[in-house]
Amino acid sequence: MFTLASNPLSGTFTVRPVCKATDRLIIRELFRKEFYGDDMLQSYPDEGLWEIYDSMEPGGEDAYGAFMVYHHDHLLFLLEVHPPVMMGLPPELSRAGTVGIFCFYNSLLESMNLAALKCCIGCLLELPSVDRVLTTLAYSVPGDPKISLLERSGFKRLSKSPDQASVYCCTAKSFPLLSNTGSLSHSLSD
């Protein structure tokens with residue numbers, strides 16, 4: 001199971017699996033922000049949302065699941081870790097050793113997002129079964145803070161056709177800490 005560690009360079013981060021019983025309002029709000037932005041009158045429907053989380057129960061040896069990422073007690077983002085085939089990626093990108101992620105940020109202006117994302121990606125890339133992390137951005141514009149977060153975390157954009165989402169990839173070679181030091185030094189924080 002994916003566990004987040006504390007990186008001494010970036011502060012204390014914790015991760016916990018989503019609890020459907022207690023996190024429903026938080027997750028619904030994160031999805032509302034992701035898909036509807038500042039429109040406070042629009043709500044994200046429950047239909048289909050909880051079925052996704054029912055199929056993502058964390059456990060076992062894999063990293064898959066939905067996780068709440070915190071800096072101290074402040075929620076930064078929801079991190080979903082999927083098999084790439086569940087993300088609608090082309091089959092040629094779904095090779096062994098690949099995981100896919102989606103991040104749903106509490107606020108894109110949060111100063112600790114970058115450090116927390118780097119810590120999450122570093123921990124995923126240190127798992128023996130993971131050698132690359134993919135994510136997609138369907139609706140992005142130049143200057144989008146999500147693109148900046150991804151690129152500063154070591155993600156590189158793969159080629160994109162006009163009718164598809166942008167796909168970004170991070171490997172140990174492109175990840176800043178692993179490529180410079182050979183290993184991400186950390187200790188468990190939870």
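Just subtract the alpha-carbon distance of Met86 and Glu51 from 0.36 nm times their residue separation and send over the number in nm, one decimal.
Values: separation 35, 0.36 × 35 = 12.60 nm, distance 1.34 nm.
Going from the current span to full extension adds 11.3 nm.
Take Tyr64, Tyr168 and sort them by solvent-accessible surface of the protein heavy atoms, 1.4 Å probe, largest at the top.
Tyr64, Tyr168
Give me the net charge of Thr22's neighbourhood, meaning all other residues with Cβ under 15 Å from the Cβ of Thr22; Lys, Arg count +1, Asp, Glu -1.
That sum, taken over residues with Cβ under 15 Å, equals +1.
Hey, rough spin-label estimate for His74 and Glu126, points 7 angstrom out along Cα→Cβ, what's it come to in nanometres?
Distance between the two pseudo-spin positions: 2.4 nm.
Tell me the label-point distance for the pair Ile26, Leu108, using the 7 Å Cα-to-Cβ offset, in nm and rounded to one decimal.
Each label point lies 7 Å from its Cα, and together they span 2.2 nm.
The values are calculated or read from the model by the stated rules, or taken from the named source; none is laboratory data. This structure is a prediction, so every number in the text was calculated from the model and none was measured. Using ideal geometry, Cβ is built from the backbone for each residue, glycine included, and neighbour counts are taken over all protein chains shown. Surface areas here come from the heavy atoms of the whole protein model, side chains and all, with no ligands, DNA or RNA. Shrake-Rupley method; radii C 1.70, N 1.55, O 1.52, S 1.80 Å.
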